[in-house]
Every structure is written in C-alpha cells, then in structure tokens.
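Inspection log for the structure reproduced underneath, given as structure tokens.
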2 protein chains.
Amino acid sequence: MAHTNNVQPTLNDIVALCKRRGFIFPSSEIYGGFAASWDYGPLGVELKNNVKQLWWRDVVTNSDNVVGMDGAITTHPRVWEASGHVEGFHDPMVDCKTCGHRFRADKLDEETCPNKPSKKVSECGGELTDVRNFNLMFKLHWGPVEDSANITYLRPETCQTIFPNFKNILTVSRMRVPFGIAQVGKSFRNEITTKSFIFRQREFEQMELEFFSHPDEAKKWFEYWLERRKKWYIGIGVREENLRMRQHDADELAHYADDCYDVEYKFPMGWSELEGIANRTNYDLTRHMEFSKKDLSYRDDITGEKYIPYVIESSAGVDRTILVLLSDAYDIDQAPNDKGEMEERLVLRFSPQVAPVSVAVFPLFKKPNLVEIARKIESDLRGPYRTMYDETGNIGKRYRRQDEIGTPLCITVDYDSLDDHAVTIRNRDSMEQVRVGIDQIHQAVADQMKSMCSSI
Amino acid sequence: MAHTNNVQPTLNDIVALCKRRGFIFPSSEIYGGFAASWDYGPLGVELKNNVKQLWWRDVVTNSDNVVGMDGAITTHPRVWEASGHVEGFHDPMVDCKTCGHRFRADKLDEETCPNKPSKKVSECGGELTDVRNFNLMFKLHWGPVEDSANITYLRPETCQTIFPNFKNILTVSRMRVPFGIAQVGKSFRNEITTKSFIFRQREFEQMELEFFSHPDEAKKWFEYWLERRKKWYIGIGVREENLRMRQHDADELAHYADDCYDVEYKFPMGWSELEGIANRTNYDLTRHMEFSKKDLSYRDDITGEKYIPYVIESSAGVDRTILVLLSDAYDIDQAPNDKGEMEERLVLRFSPQVAPVSVAVFPLFKKPNLVEIARKIESDLRGPYRTMYDETGNIGKRYRRQDEIGTPLCITVDYDSLDDHAVTIRNRDSMEQVRVGIDQIHQAVADQMKSMCSSI
C-alpha cells in the first residue's frame, strides 16, 4: 500500500531540510555558492547510490536482454556532429541593452530581470537585442594545443556515447535484436537559465536505456517500456497519483521521433518532466552510419533480414528522481514527545529500498553494557542493511532525528535487554513499538521492511 | 590463499582481451578513436561497479568514522585558486619547431616523435622551443556569457570538493574529529601525453578519502590507512607480491605534505603508482580558510581545544585498480577440450567479489526441459550473485568463454538432472566438477565462492 501524506512541501521546505540534514548543499558554499551547482552530502550520496543501483538492478541485472556500459564524458567531436548537437542543440537568447543580462528569448514571460526581481523581462522595459542561437554544449580544448582542431564537448546526454558502441557491444555480448544498452553517468548543458533546486542544473546525472528493436516491433517495445518505467517509480515508493504519462503533441515532438511520452511528476513547482520515453526510429544509427561511414545495420542470423534497428529510449534524471523521492516522502504529522505531549513531527516516508539509513540502533543510555549490545546489533545488521548508531540526546530526540531522514526502523537497547535479551523495534510510520528477541532481529527487521515497501 | 599464475601478460595482451570480450573499447572507435579515451563495455562496467562498491563498503559503510559525499565536477573557480591549482598545476612543455608537436619537457628521453616513432625526442634532432608551463586543468565558460569572469575548470581531483564542505558535513553528520569524508567520481587532467591504456587518461575516476585528525594523531592515522588500504587490495584478490609501498623521497614530496607513500603495483609496463597516501597536514583547510575568509577550524567539545585538523589522504584510481585486477588475474594454463585433448586456456582468476559474472548457468543442450530448469536456476541465483545464461555452442566452448571473463563457477543442467534433480558445478581454477542437488545449489555456490576469495 502506498502511503498517504498530510502535506505537500514547497521547494523551500525541501531545500531547507536538505541543507539542515546533509542531503544536498549548495556547491562551493564557503565561496558564496556557484550558480545552480549542488553537492550531495552524506545522506544525499547514499540516497543517490540507492536510486542508481535500483535502476541498474531493474533495467540491467534483472533483464535478460539489456547490458550496461560506461562511456567517457569526453568523446570525439564528430559524435556531436552526427547527433545534430553541434548544429542544432541551442536555445534562443537575447541580451538586454539596458542592464546587460542575458535571457532565454522564448521565456521572457517567465524570467525575471536580476535588477528588478519583481518584473518579468517581457515587462521591465529594457531594450532587447535581436534573438540569436546559443549552443548549450560546453566546449573544451582537448590536449595541449589550443586550436580549433582540438575542440570537443562535454556530452549533453549519455545516449550518444551508446550509439557508436552499438556494433561493438552487439558482437561482444552475443546479443540479438531486440536488446538494450543502458548507462548511468554525468551530462552537462550550459543552460541559459537554471532553476528549481536540482531540477535544472548545468551538471546533472542521467540513467538512459537505448533499446534496439526491429522497426515493426518498435511500437510494442515502446508500450512495454512506458509501462515498465512507470512501475519502477511506483516500486521505489512514488505515489501513483503524483505521476502521469503525457504524450507529446505533434508540434513538440523531435523531428526524428515517432512518438514520445514524458513521465511527469507533480513537483512542488507543478507537473514537470521526470523522464522522457521516445521512439527515436533509426535516426541515430543512420546518422552515425553517415558520419562514420561504418555499417551499423543488423543482420538477423535466423531470418537473414538486414535492417537498421529502431531505438526506444528511456531517459531518466537521477537528480530529478531524488527531488521526486524527497517531495513524495516529505510529511508532517503529530507525535508524542518524551513527556507524552503531542508535537509536530517532520518525517520522510521513504520506501526502505531508498532510505539512506534503513535501521538506526540506540542504547537507551550511554552505559557500557548497553552500548556494547547496541554496537553489536548495529554491526550484525550492516551489509544487508544501511545502519546508523546514535547514543546522544534523549530517545525522543533520537527518534525525531531518524524520522527527519526517513529511517524506517529504530532499535533501542534498554536495561531490560540485559535480562530478557530483547530490544524495542519502533516503526517510523505507525510509530508502533514491538519487543523482539535479539536472536529474532533479522527476521523482524526483514518483515517490517517488507510491509513498508510499496506494493508494485 | 592467493592464486599463483603461470604468465605475466603484456599490456597488449590485456588491451586485446578487453576489446574482444567487451571489458573496455577505444572511445568513439567508429570515428577512428579519441586520444586516450576509453569506454567500458558490458563486462567492464560490472567490474568497475564492483570495485567502486567494494571500496565504498569498506571505507564508508563499514567505518564508524567515515561518511560519504558526491560533489559537483564543476565548482567555483576560487576553489582552484585556494588549492593552488590555478597557479601551480602545470607540466613543463616544449614545442618542436621542426615537426610542430608538443612534448613534456621533462620526458624528452622517454617520449617518441610521432613523425619518427623509432626516435626519442631528445635524439631526433628537431629544434625545440624554450620550456613553458602548461596548466593541466580544462577550462570552461560557465553560463551563456563567454568572458573571463565566467571561467571555471573541470576538477583535476575530487578531494578539493571535499575540503570546502568540511564544516557543513561536520555539522550535519554530528561527527567528531577524527573522522573522514569519502568520495568517488570523475576527474579531468589535460595531460600533455597520455599512455599505457587506461593507466593515464585525461578523463579518469578517483576514489578519495580525506581523513581529518588532531595534528598530534596524524602520524598514527597515516600508518593506519597505509595498512588498511594495502589490506583492501589484497582482500579484493590482488597478489601481495605484486604490491609494494614506496615512500616518497624528500625531493619528490609535495611542499605541503609531511609524508607520502605510493601504493605501487607491478604493472605490465613496470612498477607504477596505483594509489597515493599522504599526510597533507593542515595545508588545504588553511588555504580554503584564507581564500574564503570562513573559519574551518575545529573545536573539540570535550577538551575545548581549537585547531585546524590535519588531513590524511588516500587517493586511489578506479581505472588503475581495474588495470591491476585485469593484469593480476590474467593467466594461461592447460585444459582439456571436448575430446579430452589438452589445449591452452586463457583464464582470468578474478576474486569472486569482483568478477563481472559470478555464476554462469547452461543447459547441456537447447532442449525445452533442460532450458526451463537452467533458466529457473539462473533467476534464483540473481540478486545475491551476478549471473549469466548461455545455451549456445558445445559445453567446452562455453566453459572457455566463461574462463576468459573470469567467471568463478559454471552450473550445467543435463539429462540426468531430470532424474536426480542435481546439476554439475564446475570450478574455474581447479576445473573440478561436483554434482550438487538443485536444492543445495545456494549453499554449494556460497561455499565455493568463499574458498575462492583471497584470505585477508
């Protein structure tokens, strides 16, 4: 059963929690920050690793027909000519002759002038230049000679490092079409404007699958991955009512795409794209064939048919998935404090699969005999679970600290434990406490975790 | 017990195997490749993920006093002024006026002229320019305005994105000194010359730990991490005789370092650095304090003492660790073919912890009743193990394919399995085959895996 929450947080609520508890900090904060760049702290990196590993396990490990790869961020510049990015990956921009700032020409009704934060650019009265195109790829000089022959780019998407490897991977993996190649990694886009916390950054991480199929079967696989990707989000704990599949209109469809859906999530700032799933036809392989003069077609060794496979792409953002999980888990309810008085409680209702800490272990007091048992339990649970040990503050405070970071279960060792060899396991959501024998902890933890996972 | 091998491979042996079996390909190969840039294929990415996860589990998860983070590759340029990289991170270079190529001025006895591959630069007779310094950081224009105010750099090391977060992480993680912050991620250095396959690339991945301690305890923690890091390599299967700890001479020690050891490995091209472990003193925190005007000192809440912590750094290369594992595992011995004749066998003796595939499952013949059982066994083993299913070719060929990629165990389902509900488990190293009941597979696999892991 998916959880139901009492509140919908604002973006500021989430940013504040992330900073306070060490999920995500502004990058280079001691230097005043760096535009739209964020560092993941101790809890954030665990959450992120969980997301990436869950994606990999589902898309690669548990699929008979998908293999992984990890390509370089910096590749041959011809890749970006073939992909169309050198020529066409740009946004329209204008400069304001009055204040000197630069804006997205197609967003003048949305962007505000930094000098007049209350005014949209379209109404602030500044004189704007003509519209020019601005290429969103970051340029680099590769090697010690700074001339135009040595220019390359940071990849603006991971998928274009998959296509040139199609034939190599097909051969070494002994796969047959239909099959997919998956990749997780950083991409970079020099956005004119960035926004909404980690939603639109210039440096971000993607999880992309390029699934190669016979042209006649592309529609079938497109439907298949639409369904499967939605299930994945629900499986890692996202509430279904906050997800929707939005089909692209004909006029927003990329020229090479036959069909495309955005997986949209109801973010604090409104419904926005979390993932794109597209039927890219044979556009990419065809372009790379043209530019490389290499044959990237596929020959079916049973039917003898030779063709250029169609590609179904699933392109998800790691950072956006993190923002989804934080938004979806954020809740406030009432909980008793140490005196039994009800107080507001901030709680992250993470699915146990993604929670940065899955079990916290406390000695009720910082006494050697309790500490010893608690330490032993914590170290026994490590491995199958992500554990944390905490011995400071009163027990109510310690519960609250774990609630705020979404820890599903807390285990407390008290003086009775010395006699009954049992501990108290406390559930984050129900706040119920049960007494469990120390030799039964593994089973009890596994059972409670399971009941806290969303059903798929 | 560590394995003993019959052969020491050349770098070419390894490159050829990596290409043939899909560990690592030249990046952008269809475009003629891209200088010193490599893509990890289906097996390579699994090997790499295993290495990164084993490092994280040891250094972060299993340490009470280490937390992780994941910082942006692109940070505020002041970080690189404070770190000394803008001013001092360069190599000396010369241009050849005769052929126009550029070389490391301090390596003229080692580098060859591209026009005269048989000649070292120092003896080819070309006229060289004076020596100039070349900064090894890649420059970027951040944001849509290309002027000097918007220049930043791709990080040349991950550690400098740790130091500016020291105070933030100290606070949110409620750690006390001594404690460490660990990070895995890409770094970029615009090397004048690259070499030795994945050993020296311009884009590479690091696993770095910055461990903060009281100045008086820095030596103790330095010794501790020296010992522990060496153990880690042995624990993931590297043979101890191929590792050595080499202390830096006074004249090669960085000006800020009190002491430094390289963990060196006997690579195919000779003993070379795999990891650096250094006592960086309080240099980095002091510099970031100066440049940011923020207080990064630590106040011990028990003793009341206030000080700038010393830093012990462990800086390991992911790609170099991969090259170590491949070199160390590569072996050739004799094995019987299907006719019982002895033939040369190429085998990777990976520890089961790092092997891209841990168990392969085969039906002896492609018959529905055998296939069904084999598929079932494979899917039951997935999760705890990385599995592969293979039904093509004769059984000897299938063993050989798995040997070449270092799969520790192969399980074969034959016609007898239909009656005795048992399968054959074949061990990569001993090539022994044992008959095991299907309901005993998990235990048998776990036992064999354990015996194949190096003892720490």
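For (1) in a strand (DSSP E or B); (2) of a type in the set (Phe, Trp, Tyr); (3) at pLDDT below 95, each residue gets a yes or a no:
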residue	(1), (2), (3)
A:ILE192	no, no, yes
A:PHE211	yes, yes, no
A:ASP216	no, no, no
A:TRP221	no, yes, no
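Per this entry, B:ARG102 is counted among residues that are at the interface with chain A (Cβ under 9 Å from one of its Cβ atoms), farther than 30 Å from B:GLU217 by Cβ and not polar (S, T, N, Q).
Meeting the requirement of 3 or more residues that are open to solvent by less than 20 Å² (accessible area, probe 1.4 Å) and under 18 Å from A:GLU210 (Cβ atoms), the strands (runs of 3 or more DSSP E) wholly within segment A:229-324 are A:259-267, A:270-279, A:310-317. Checking the structure you have, find out if any residue of segment B:340-363 is surrounded by fewer than 16 Cβ atoms within 10 Å (Cβ to Cβ), assigned to a loop (DSSP other than H, G, I, E, B) and modelled with pLDDT under 95. Scanning segment B:340-363 turns up at least one residue that is surrounded by fewer than 16 Cβ atoms within 10 Å (Cβ to Cβ), assigned to a loop (DSSP other than H, G, I, E, B) and modelled with pLDDT under 95. Residue under question is A:SER148, and the condition is that it be among the small types (Gly, Ala, Ser) and open to solvent by less than 20 Å² (accessible area, probe 1.4 Å); does it hold? When the stated conditions are applied, A:SER148 does not pass them. The listed residues are B:GLY126, B:GLY88, B:GLY100, B:GLY84, and the only one of them that is over 20 Å from A:LEU140 (Cβ atoms), touching a Ser or Thr at 6+ places or on another chain (Cβ under 6 Å) and of a type in the set (Gly, Ala, Ser) turns out to be B:GLY126. Can you spot a residue in segment B:200-210 that is under 24 Å from B:GLY88 (Cα atoms), open to solvent by 20 Å² or more (accessible area, probe 1.4 Å) and out of contact with any Leu (no Cβ under 6 Å at 6 or more places or on another chain)? Yes, segment B:200-210 has at least one match. The number of residues in segment B:90-106 that are open to solvent by 40 Å² or more (accessible area, probe 1.4 Å) and closer than 13 Å to B:PHE134 by Cβ comes to 3. Strands (runs of 3 or more DSSP E) fully within segment A:105-177 that include at least 2 residues being within 14 Å of chain B (Cβ to nearest Cβ): A:132-135, A:139-141, A:151-153.
Quickly run through segment B:5-32 and pick out the residues that are in contact with a Gly (Cβ under 9 Å, 6 or more places away or on another chain), in contact (Cβ under 8 Å) with a residue 60 or more places away in the chain and open to solvent by less than 30 Å² (accessible area, probe 1.4 Å). Hits for segment B:5-32 are B:CYS18, B:PHE23, B:ILE24. Filtered by the rule that a residue be aromatic (Phe, Trp, Tyr), farther than 30 Å from B:ASP295 by Cβ and either more than 8 Å from chain A (Cβ to nearest Cβ) or open to solvent by 20 Å² or more (accessible area, probe 1.4 Å) (or both), segment B:178-199 gives B:PHE197, B:PHE199. Which one is surrounded by the most Cβ atoms within 10 Å (Cβ to Cβ), of the residues in segment A:211-220 that are farther than 18 Å from A:CYS159 by Cα and touching a Pro at 6+ places or on another chain (Cβ under 8 Å)? Among them, the one singled out is A:HIS214. Summed over segment A:75-89, residues that are open to solvent by less than 30 Å² (accessible area, probe 1.4 Å) and part of a loop (DSSP other than H, G, I, E, B) total 4. Checked against the criterion of being outside any strand (DSSP E or B) and either surrounded by 21 or more Cβ atoms within 10 Å (Cβ to Cβ) or not aliphatic (A, V, I, L, M) (or both), the candidates B:ALA35, B:ALA72 yield just one match: B:ALA72. Of the residues examined, B:GLU111 is one that is of a type outside the set (S, T, N, Q) and outside the structural domain of B:VAL263 (by TED's automatic domain parsing).
On inspection, B:VAL60 fails the criterion of being part of a strand (DSSP E or B), of a type outside the set (Gly, Ala, Ser) and at the interface with chain A (Cβ under 9 Å from one of its Cβ atoms).
Restricting attention to segment A:63-99, the residues that are in contact (Cβ under 8 Å) with a residue 40 or more places away in the chain, more than 9 Å from chain B (Cβ to nearest Cβ) and not acidic (Asp, Glu) total 11. Whenever a residue of segment B:34-46 is more than 7 Å from chain A (Cβ to nearest Cβ), its partners that are hydroxyl-bearing (Ser, Thr, Tyr), lying with C-beta atoms within less than 6 angstrom and at least six residues away or across chains, give the pairs B:ALA36/B:THR194. When the test is whether a residue is under 30 Å from the mean Cα position of the chain (by Cα) and closer than 23 Å to A:MET93 by Cβ, A:LEU128 does not pass it.
Here is the figure for segment A:426-437: residues that are among the charged types (D, E, K, R) and open to solvent by 20 Å² or more (accessible area, probe 1.4 Å) total 3. Counting only helices (runs of 4 or more DSSP H) that sit wholly inside segment B:367-425, those with at least 1 residues that are among the hydrophobic types (A, V, I, L, M, F, W, C), more than 24 Å from B:VAL347 (Cα to Cα) and open to solvent by 10 Å² or more (accessible area, probe 1.4 Å) are B:368-381, B:415-420.
The values are calculated or read from the model by the stated rules, or taken from the named source; none is laboratory data. Since the structure is predicted, the reported quantities are computational estimates derived from the model, not experimental observations. Note that we place each Cβ from the backbone using ideal geometry, even for glycine, and neighbour counts take in every protein chain shown. Each accessible area value is taken on the protein alone, full model and side chains, heavy atoms only, with ligands, DNA and RNA left out. Shrake-Rupley method; radii C 1.70, N 1.55, O 1.52, S 1.80 Å.
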